[in-house]
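The values are calculated or read from the model by the stated rules, or taken from the named source; none is laboratory data. It should be emphasised that the depicted structure is a prediction, and the values quoted were computed from it without experimental measurement. Because the Cβ atoms are built from the backbone with ideal geometry, glycine has one as well, and the counts that use them run over all protein chains shown. Please note that ligands, DNA and RNA were not included when accessible areas were found on the heavy atoms of the full protein model with its side chains. Shrake-Rupley method; radii C 1.70, N 1.55, O 1.52, S 1.80 Å.
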Amino acid sequence: MKILKISPENFTESIATAVTILKNGGIVAHSTDTIWGLSADTGNEKAVARIHFLKKSDPTKKLLLNLPSKKYLDRIGAKLCRAHELVREFWPGNLSLLVRSRENPAAKIGVRLPDSKISNALARKFGAPLVTTSANLSGRKVARNATAVARIFPEIDLVLDDGTISKNVASTLVDVSAGGIRLVRAGELDFKKIQRTRARRS
């Protein structure tokens, strides 16, 4: 494992290094606008399985996708009227959405566009969604900084250390796949604020 101190001076080079690792099937840890996360190539089944193995999490559990842009949502999601209302209001930010998959309308996918320079730069440079999940063993507290991530997950390939100490409050997750707005996981964004947005646009 490599720990790379990321700064404004080496930001572009550090992101490029991380993306090379991701494209080769590696796992990269980094801060987000909420908690520390582990990222991998969504299309690499071995890399995704490795994240589940390291976290000791359910391998059938679908992980959130960190999107390269707001527009990318139209490429992978179906029936997005309600989703777009919330995206306009809260993205980039601490809101995650469950939407219907365009490829398989019977399935749901979780998507996010964090208010995080590192997360967004990684996805944009990678050019496709990245699986991103909390940096913790299943059922345990999330690592709050780079040192803790490295201690819990010595087997991962790279930790991008920007000095962030996270608040350990995850993004709010809501399900908009059926047309309404249903709270799945309470988080940093107040659900009442989301509901008020819906009321204003109704």
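For the reader, a short list of remarks on this structure follows.
- Selection of the range 47-57 for residues being part of a loop (DSSP other than H, G, I, E, B) and either touching a Cys at 6+ places or on another chain (Cβ under 9 Å) or closer than 23 Å to VAL174 by Cα (or both) yields only SER57.
- Tabulated pairs, the range 34-47, first closer than 24 Å to ALA148 by Cα, second part of a strand (DSSP E or B) and acidic (Asp, Glu), C-beta under 6 angstrom, 6+ apart or interchain: ALA47/ASP41
- Take the conditions (1) closer than 23 Å to ALA148 by Cα; (2) surrounded by 17 or more Cβ atoms within 10 Å (Cβ to Cβ); (3) not polar (S, T, N, Q); VAL99 misses just one of them, which is (1).
- Hits in the range 11-21 - residues which are open to solvent by less than 40 Å² (accessible area, probe 1.4 Å) and either touching a Ser or Thr at 6+ places or on another chain (Cβ under 9 Å) or free of Cβ contacts under 8 Å to residues at least 24 places away in the same chain (or both): SER14, ALA18
- Residue selection: SER116 fails the criterion of being at pLDDT 95 or above, of a type outside the set (A, V, I, L, M) and in contact with a Gly (Cβ under 7 Å, 6 or more places away or on another chain).
- Within the range 74-87, residues that are touching a residue at least 60 places away in the same chain (Cβ under 8 Å) have Cβ atoms under 6 Å from residues that are outside any strand (DSSP E or B) and open to solvent by less than 10 Å² (accessible area, probe 1.4 Å) in these pairs: ARG82/VAL176; ALA83/VAL176, counting only partners at least 6 apart in sequence or on another chain.
- The sole residue among ALA199, ALA186, ALA170 that is surrounded by fewer than 15 Cβ atoms within 10 Å (Cβ to Cβ), modelled with pLDDT under 95, of a type in the set (Gly, Ala, Ser) and at negative phi is ALA199.
- So ILE3, is it open to solvent by 10 Å² or more (accessible area, probe 1.4 Å), hydrophobic (A, V, I, L, M, F, W, C) and in a loop (DSSP other than H, G, I, E, B): no
- Sole exception among (1) closer than 19 Å to LEU98 by Cβ; (2) of a type in the set (A, V, I, L, M); (3) assigned to a helix (DSSP H, G or I) for ILE15, by number: (1)
- Residues that are closer than 20 Å to ARG185 by Cβ, part of a helix (DSSP H, G or I) and open to solvent by 30 Å² or more (accessible area, probe 1.4 Å), drawn from the range 58-84: ARG82
- Residue match in the range 178-194 (condition: of a type in the set (Gly, Ala, Ser) and over 27 Å from VAL48 (Cβ atoms)): yes
- Listed by first and then second residue, the pairs linking a residue in the range 55-70 that is over 23 Å from LYS141 (Cβ atoms) to a residue that is part of a loop (DSSP other than H, G, I, E, B) and open to solvent by 40 Å² or more (accessible area, probe 1.4 Å), with Cβ atoms under 9 Å apart and 6 or more places separating them unless they lie on different chains, are LEU65/THR42; PRO68/GLY127; LYS70/PRO92.
- The number of residues in the range 22-46 being buried (at least 20 other Cβ atoms within 10 Å of the Cβ) and assigned to a helix (DSSP H, G or I) comes to 1.
- Looking only at the range 124-165, and only at residues there that are of a type in the set (Val, Ile, Thr) and in a loop (DSSP other than H, G, I, E, B), the one that is least open to solvent (accessible area, probe 1.4 Å): ILE156
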